[in-house]
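In what follows, a single structure is set out as structure tokens and then discussed.
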Amino acid sequence: DYTYATENIMALDALDLMENRESQISVLPVLSDKQIVGVVRIHDLLNVIGK
């Protein structure tokens, strides 16, 4: 079971994917057409969201 985001994901949804798992992750790959196009770091999300 792989956790990843698509390029149109909202910041809160990405954070939810990273936190609400059996084991939290700090980096989330972003895929487009089954290719990695980037990563989202939890640190950056928390800065943007203001948590």
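Coordinate-derived values only; no laboratory data. For clarity, every value in this text was computed on a predicted model and none was experimentally measured. Here the Cβ is made from the backbone with ideal geometry for all residues, glycine too, and neighbour counts use every protein chain on show.
The table for this structure:
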| item | result |
| --- | --- |
| Label corresponding to P(r) over Cα pairs in 5 Å bins from 0, in percent when calculated from the structure given, among [x] 5, 22, 25, 25, 19, 4, 0; [y] 4, 17, 12, 14, 13, 12, 11, 8, 7, 3, 0; [z] 4, 22, 35, 24, 12, 3, 0 | [z] |
| Within the range 24-47, backbone nitrogen closer than 19 Å to the virtual label 7 Å beyond the Cα of TYR4 toward Cβ | 25-42 |
| Rough spin-label spacing in nm, given labels placed 7 Å along Cα→Cβ, for ALA11 and VAL48 | 0.6 nm |
